[in-house]
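Comments concern the structure below.
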Amino acid sequence: MKKHLLAASILLLSSHQAVAQQPVLELDSAQSNWTWSVYLPPPLNIYGIPTTTDQFQISGRVGGPFNRNASGNVYAGQFTTGEITYFPDIEGYFPGATPGTTWANFRVYDILMRKESLPLDFGVEATADGSYMGDHWFNFISGTAEIQITGGDSFIVPIDGLDSLPIYQTGQFTSNPDGSLHLEATETHSFVLFDPTTSLTFDLSLVGDIVADEVFDIVTFCSGDNSGTPCPCGNSAGPGEGCMNGTQQGGQLTTGGNASINDNNLVLKGAQLVPNQPGLYFQGNNAVNSGNGNPFGDGLRCVGGGVVRLQVRFADGTGASETSISVSGSGGVGPGDVKRYQIWYRDPNTSFCGFGFNLSNGVEVSWGA
């Protein structure tokens with residue numbers, strides 16, 4: 001039975017497919033300046049007044065699959081990934097019918113958003129200059145909107161999962177001197193917030209600039225510490241490790257060097273593996289189950305999609321190993337690609353769950369030139 005499971009696991013790690021680059025761009029908060037407005041439609045017909053300011057700035061990251069032509073300009077793609085927060089919170093009040101009075105106070109806070117779009121129109125691939133147009137929206141991943149009626153009740157308006165209205169936007173990708181992407185756009189986003197308890201509807205509008213630059217970095221994810229998907233048989237380990245193996249530790253994947261194609265010095269390093277046992281270093285396009293992983297053998301499968309088998313290395317007597325090949329070359333990656341890495345390793349004699357193999361945590365690498 002174990003032989004069949006091991007064979008099946010190897011087959012799952014054997015396919016490869018080409019995909020668009022998935023650049024990650026970090027917002028320049030100092031240049032990403034926005035304003036908000038809140039409006040209660042008829043019959044109330046009231047505009048909200050800021051408590052202190054209607055100005056705010058956004059921070060975080062945007063990204064998605066994008067293709068670049070021979071000139072290095074983006075010619076196809078859409079926004080699908082990233083997380084955006086803003087500061088300060090949106091706070092204000094609705095004036096009452098009598099001058100100097102307040103009908104209600106409002107606040108929108110703890111917001112986490114994602115910028116999304118339909119596939120964008122960049123024009124003809126050969127002549128595209130990175131300018132795009134198309135429908136965009138913000139998605140509220142999480143957050144709270146609250147209204148306090150003067151002398152009355154307080155109401156929480158559910159906004160998790162709420163999308164702004166799709167609005168036609170324009171912007172442009174250009175290239176920085178190091179070949180990384182630079183994004184500039186001025187956008188408008190409008191939300192309709194509805195409280196089912198009071199049937200109260202109010203409109204929230206956000207207008208501002210998006211200025212962002214591509215980043216290349218390395219992030220650990222998918223730990224077997226019960227912060228995401230539980231380990232298969234209660235064999236949790238520590239943060240930044242995979243699920244516990246027979247050494248009473250979780251296999252750990254880290255890196256050395258940097259995420260540069262030209263420097264070509266990135267090394268994948270395994271630690272706390274089962275001594276003297278083989279481990280397969282592999283690469284994938286996706287973070288499985290939103291980066292939480294799925295149970296697989298004694299561990300969690302964190303990496304999938306277009307999987308590339310990079311190298312098999314035996315752990316030494318301390319449970320350590322590392323790659324000796326060109327990670328970027330063997331993985332066929334290019335500048336702007338975001339790839340995920342993991343170690344699948346044998347644990348034949350001391351396996352916690354009886355499957356005979358386990359996996360490390362995952363590592364996400366945003367590759368630069």
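In debye, nearest 20: dipole of the stretch 281-369 around its Cα centre with unit charges on the Cβ of K, R (+) and D, E (-)? Numbers along the way, then the final one.
Working: 6 positive and 6 negative charges, 36 e Å.
That gives the stretch 281-369 a dipole magnitude of about 180 debye.
In the stretch 236-369, if the dipole is taken from +1 on Lys/Arg beta carbons and -1 on Asp/Glu beta carbons about the Cα centre, which of V333, L268, N361 is farthest to the positive end?
The Cα lying farthest towards the positive end belongs to V333.
Measure nothing but the geometry: give the 0 to 90° angle between the long axis through the Cα atoms of 2-12 and the longest principal axis through the Cα atoms of the chain, rounded to 10°.
50 degrees
Dipole of the chain, Cα-centred, from +1 at each Lys and Arg C-beta and -1 at each Asp and Glu C-beta, to the nearest 20 debye? Before the final figure, lay out each step's value.
Details: 14 positive and 34 negative charges, 340 e Å.
Around 1640 debye, computed over the chain.
Which one of L193, L44, L300 has the biggest mean-square fluctuation once the chain is modelled by GNM with Cα springs under 10 Å?
L44
If each residue's Cβ is checked for other Cβ atoms within 10 Å, how do Y345, Y168 rank with the fewest at the top? Mind dumping the intermediate values first?
Numbers: Y345 29, Y168 9.
Going from sparsest to densest Cβ surroundings: Y168, Y345.
Give me D153, D217 ranked fewest to most by other Cβ atoms within 10 Å of their Cβ, as a rough exposure proxy.
On the way: D153 9, D217 14.
Going from sparsest to densest Cβ surroundings: D153, D217.
For the ranges 133-142, 194-203, 264-273, what's the packing order if you count other beta-carbon atoms within 10 Å of each residue, average per peptide, and put the highest first? Before the final figure, lay out the partial values.
Numbers: 133-142: 17.8, 194-203: 13.7, 264-273: 19.8.
Descending packing order for the listed peptides: 264-273, 133-142, 194-203.
Most fluctuating residue of L181, L25, L162 in a GNM of the chain with Cα springs under 10 Å: which is it?
L162
May I ask you to evaluate 6.51 cos²θ - 1.76 cosθ + 1.60, the Karplus curve with θ = phi - 60°, for each residue of the stretch 189-200 and list the ³J(HN,Hα) values in order in whole Hz, giving x for glycine and proline?
10, 10, 10, 10, 9, 10, 9, x, 6, 9, 6, 7
What is the list of residues in the stretch 27-62 whose amide nitrogen lies under 19 Å from a point 7 angstrom out from the Cα of L200, following Cα to Cβ?
Within reach of a label on L200, which here means backbone N under 19 Å from a point 7 Å along Cα→Cβ, the stretch 27-62 contributes 37-52.
Name all residues of the stretch 52-87 having a backbone nitrogen under 14 Å from the label point set 7 Å from the Cα of V207 along its Cα→Cβ direction, giving them as ranges.
The answer is 54-56.
Which residue, S290, F314, G257, has the largest displacement toward the positive end of the dipole of the stretch 217-366 when charges sit on each Cβ (Lys, Arg +1; Asp, Glu -1)?
F314
Here, each number is a calculation from the coordinates, and none is a lab measurement. Keep in mind that this is a model prediction, so the values were computed, not measured. Every residue, glycine among them, receives a Cβ derived from its backbone with ideal geometry; neighbour counts consider all protein chains shown.
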